[in-house]
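*Asks:* Please find one structure pasted underneath; my questions will follow.
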Amino acid sequence: MAEELTNVLISEHHPMDSLLRQDRLPHIWCSGCGLGTVLTCFVSALQKLELDLDKVVVVSGIGCTGRAAGYLNLDGFHTTHGRAIPFATGLKLANPELKVVVISGDGDLMAIGGNHFIHAARRNMDLTVLCVNNFNYGMTSGQVGPTTPTNARTSTSPYGNTEHPFNVPYLAAATGAAYVARWTALHVRRLERSIMEAMQKRGFSVIEVISPCPTYYGRWNKMGDTLEQMRYYHEQSVIRHWTDPAQADIDLGGEIIVGRFVDIDKPTFSDLQREADQ
Amino acid sequence: MSNDGILRGSFFMDGDTACAEGAICAGCRFFGGYPITPATEIAERMARRLPQVGGTYIQMEDEIASIAAVLGASWGGARSMTATSGPGFSLMMENLGLGIITETPCVLVNVQRAGPSTGMPTLVGQGDMMQARWGSHGPYEIIAIAPSSPQELFDLTIRAFNLAEKYRTPVLVMTDEAVGHMTERVVIPPLDEIEHYPRRKPQAPPNDGYLPYQPDPDGVPPMACAGDGYRIHVTGLTHNEKGYPATVSVEAQHKLVERLIRKIRDNRDDIIELHEDQVEDAEIVVVAYGISARTAARPVRLAREMGLKVGLLKLVTVWPFAEDRIRDLATKVRAFVVPEINMGQMALEVERSAEGQAQTIPVPHAGGGLHDPGEVLEAIKRAMGS
Amino acid sequence: MKLWRKPLDLDRVVVPQGEIHLVLDRCKGCQLCVTYCPRDVLEMSNLFNAKGYHPPQVRYAGRCVACGLCSMLCPEFAIYVLEASRE
């Protein structure tokens, strides 16, 4: 059957496979889900950074994004809902040599995990947080979440969402994050570069990635499938580095301001502890 | 104090302080906690002492974050612990389950106070004993120890760390406000006289067949930590020996749950510790733990002076419950008297284990104070009379 | 490639040529690679892979310049491009 594909070479392996748990691929994410793309950018960034991969640790929460740790060939921890960040805090403090990355979703990090997010930002814990935002709770079939835009339809906001969403970069910046960026799953090269910057940054780094959900959020809000949602990102996203994150709200179907918003130097939790102990 | 920051010698110390010092002697180098009466002093002591021994103290934003950080620190290679009381204990239940299914060694101290809910923050209770066993969702076994003096709190915190590493499980130190806030002599021996059970690491090097959840013959898998090079995957989902989720495999669930339970149940002879006093010829046995084991000493003595053959069985290990011993004793004694500062919790276990061979007479106390010795003596006399 | 003026270093610049590789059974037919290829190299095929999805195939062999965008966008680690060796 393979001979019927024109001009294509069939492979058993992909160049990124050494960083993936190949025995668990293909992954469970839907066709067109942006999560695979986010992981590709993450793996590509790791390959370019030339870090000791034995010391890179991924901690994820519960949800579609939460499954990310399970597909990476790194020390990975799939923890309880909302608690990836405090777990990652413990990991990092027990072994400061580790480079700890939290990969989790908008519901996990902003709702149940919201308190932990703001405190880790306040402490400027040396963690990198990849917040994949698909504007709903995908794993449980598309409920409203803290980043769902007002008026959007979800399974638990059937008459339209009556709440205001969080603006993730704004929250991160306001609570003290040292590095804040936002990209969409379409901005692959820029996302890769941001991931590299965030991982090399000492302090609390947050990258929000807007990602398509073709199965629930996109479908129920007439945003179409992945191709149409990516086209929406293409047309409606505007790169404006150093925008004040307060100006970067995302309305339903509205403009998405992306770019690097915050990149400051400030002492981390461990820096301050070390000073105090002297 | 010597140069390494570890104490040794004889001290006049309260229970909470002794607990912290015990943890430090046991090698605890991470404490993630939150203030709560009457466990706050443990946090305060750790905040002061951990930097002196090269450890880390962090006050997390709530108890849920505390236990999550403790689990993370354990996977980062540190011996880690937290301390709380009833309300915080309730909050920690979900992540306790994560610790159990991921087989994360750590110590959780509950300095019990009167409940339910906010209750009586400054006064003693023992009302969390069943919660210690069943508080988290799903089927599991747990190890819980109940010290009844500051010296025991010191010794048993060390034992808790050793059991945690030996059986790769969270271990609960179920003490109470009376013991935690009591000041007594605590003898801290030199470090080389203190038993230290080291974390069991994999024998094989990375990429040589190590599976994170493949058990040794005793049911406990060796533990590779983050950064050791084994590229482990650890999940709270039901998993197979590789650590990979196996969420729709009934066989995997059965295998995992069975092993987690047997890991503790099958080793109960090693885990269970009891102190028996005058039980050999007893017709009535008072079964007690924690502070209630101390307050029971007087009624037992008074009863003996009255010519009644009464003994005291102190549960040092509360979970797994010493059902074998109770079942055996039930054939020899008339009744068990169980004084506890709750409305009857471990009494249920005693009754269950006695299998009708002996009566079980609970002596409940709603909380906030200790048993009146006369009350317990009355129960003993009633037991004799029946 | 149509150029509106001849670059001065045209004789020194070598345009890479790419070879598309597929890990066939990982593809979920999302069409991101086909849609976003800047050179319109790919098209969807009528073949079914083992999971029942239509994988892409190369329509215009020779147009691929190994930019790697398909590989970066693919959510499935199913497609990648290698520079073809030139003898």
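*Asks:* Residue by residue through C:45-52, how many Cβ atoms from other chains fall within 10 Å of the Cβ on average?
*Replies:* Average per residue, whole number: 3.
*Asks:* Still on this structure: Counting partner chain Cβ atoms within 10 Å of every residue's Cβ in B:55-62, what's the average? Mind dumping the intermediate values first?
*Replies:* On the way: counts 2, 9, 2, 8, 0, 8, 8, 4.
Neighbouring Cβ atoms belonging to other protein chains average 5 per residue here.
*Asks:* Starting from the Cα gyration tensor of the stretch B:9-193, take the square roots of the eigenvalues, sort them a ≥ b ≥ c, and report rounded, prolate or oblate (rounded when a/c is under 1.5, otherwise prolate if a/b is larger than b/c, else oblate). Write out the running numbers ahead of the final one.
*Replies:* Details: a/c = 1.44, a/b = 1.11, b/c = 1.29.
Judged from the Cα gyration tensor, the stretch B:9-193 comes out rounded (a/c under 1.5).
*Asks:* Treat the count of other C-beta atoms within 10 Å as a stand-in for reagent exposure and order B:Thr295, B:Thr183, A:Thr65 from fewest to most. Don't skip to the end; give the middle numbers.
*Replies:* Working: B:Thr295 22, B:Thr183 13, A:Thr65 32.
In increasing order of surrounding Cβ atoms, one gets B:Thr183, B:Thr295, A:Thr65.
*Asks:* Next up: What percent antiparallel are the DSSP beta bridges of the stretch B:275-385, to the nearest 5? Let's see the in-between values first.
*Replies:* Details: 3 of 16 bridges.
Bridges in the stretch B:275-385 that DSSP calls antiparallel: roughly 20 percent.
*Asks:* On to the next question. Using only the alpha carbons of the protein assembly as shown, what is the convex hull's orientation-averaged projected area in square nanometres? Present the calculation step by step, with values, prior to reporting the outcome.
*Replies:* Values: hull surface 153.4 nm².
Hull-based average projected area comes out at 38.3 nm².
*Asks:* Shape of chain A from its Cα gyration tensor (a ≥ b ≥ c, root eigenvalues): rounded if a/c is under 1.5, otherwise prolate when a/b > b/c, or oblate? Could the numbers behind the result be given before it?
*Replies:* Values: a/c = 1.64, a/b = 1.13, b/c = 1.45.
Cα axes put chain A in the oblate bin.
*Asks:* Run down the lysines and flag those whose C-alpha is under 17 Å from the C-alpha of A:Lys55, throwing out any fewer than 8 positions away in its chain.
*Replies:* Of all the lysines, those that pass the test against A:Lys55 - Cα under 17 Å, at least 8 places apart if same chain - are A:Lys92, A:Lys99, A:Lys201.
*Asks:* Further question on the same structure: Would you give the gap between the C-alpha center of the stretch B:56-122 and the C-alpha center of the stretch B:237-309, rounded to a whole Å?
*Replies:* 21
*Asks:* Here is a follow-up. Sort the stretch B:160-301 into rounded, prolate or oblate with this rule: let a ≥ b ≥ c be the square roots of the eigenvalues of the Cα gyration tensor; rounded if a/c is under 1.5, and if a/c is not under 1.5, prolate when a/b is larger than b/c, oblate otherwise.
*Replies:* Numbers: a/c = 2.76, a/b = 1.91, b/c = 1.44.
Verdict is prolate for the stretch B:160-301.
*Asks:* By residue number, which cysteines of chain C lack any other Cys whose Cβ falls under 4.7 Å from their Cβ?
*Replies:* C:Cys27, C:Cys30, C:Cys37, C:Cys64, C:Cys67, C:Cys74
*Asks:* If you don't mind, there's one more thing I want to ask. Give me the net charge of C:Arg39's neighbourhood, meaning all other residues with Cβ under 11 Å from the Cβ of C:Arg39; Lys, Arg count +1, Asp, Glu -1. Kindly include the intermediate steps, with their values, before the conclusion.
*Replies:* On the way: positive: C:Arg59, C:Arg63; negative: C:Asp40.
Value of the local net charge: +1.
*Asks:* To continue, here is another question. Work out the mean other chain Cβ neighbour count within 10 Å for the residues of C:26-35 and drop it here as an integer.
*Replies:* For this peptide, the per-residue mean of nearby foreign Cβ atoms is 5.
*Asks:* In percent, how large is the relative contact order of the stretch A:145-278, given Cα pairs closer than 8 Å and 6 or more residues apart?
*Replies:* Values: 216 pairs, mean separation 36.2, N = 134.
In percent, rounded to a whole number, it is 27.
*Asks:* List the lysines whose Cα lies under 20 Å from the Cα of B:Lys166, skipping any in the same chain that are fewer than 8 positions away.
*Replies:* The reachable lysines, counting only those whose Cα sits under 20 Å from B:Lys166, are B:Lys201, B:Lys263.
*Asks:* Here's something else I'd like to know. Ordered by packing density, taken as the mean number of other Cβ atoms within 10 Å over each peptide's residues, highest first, how do B:259-272, A:101-114, A:265-278, B:314-327 rank? Working shown, then result.
*Replies:* On the way: B:259-272: 16.4, A:101-114: 27.3, A:265-278: 12.9, B:314-327: 21.0.
Ranked by mean Cβ neighbours within 10 Å, highest first: A:101-114, B:314-327, B:259-272, A:265-278.
*Asks:* Can I ask one more? About the Cα centre, and with charges only on the beta carbon of Lys, Arg (+1) and Asp, Glu (-1), how big is the dipole of the stretch B:275-385? Nearest 20 debye, please.
*Replies:* 200
*Asks:* Run down the lysines and flag those whose C-alpha is under 21 Å from the C-alpha of C:Lys51, throwing out any fewer than 8 positions away in its chain.
*Replies:* C:Lys28
Since every read-out is calculated from the coordinates, none of them should be taken as a lab result. As the structure is a computational prediction, the values presented were derived from the model and not from experiment. Because the Cβ atoms are built from the backbone with ideal geometry, glycine has one as well, and the counts that use them run over all protein chains shown.
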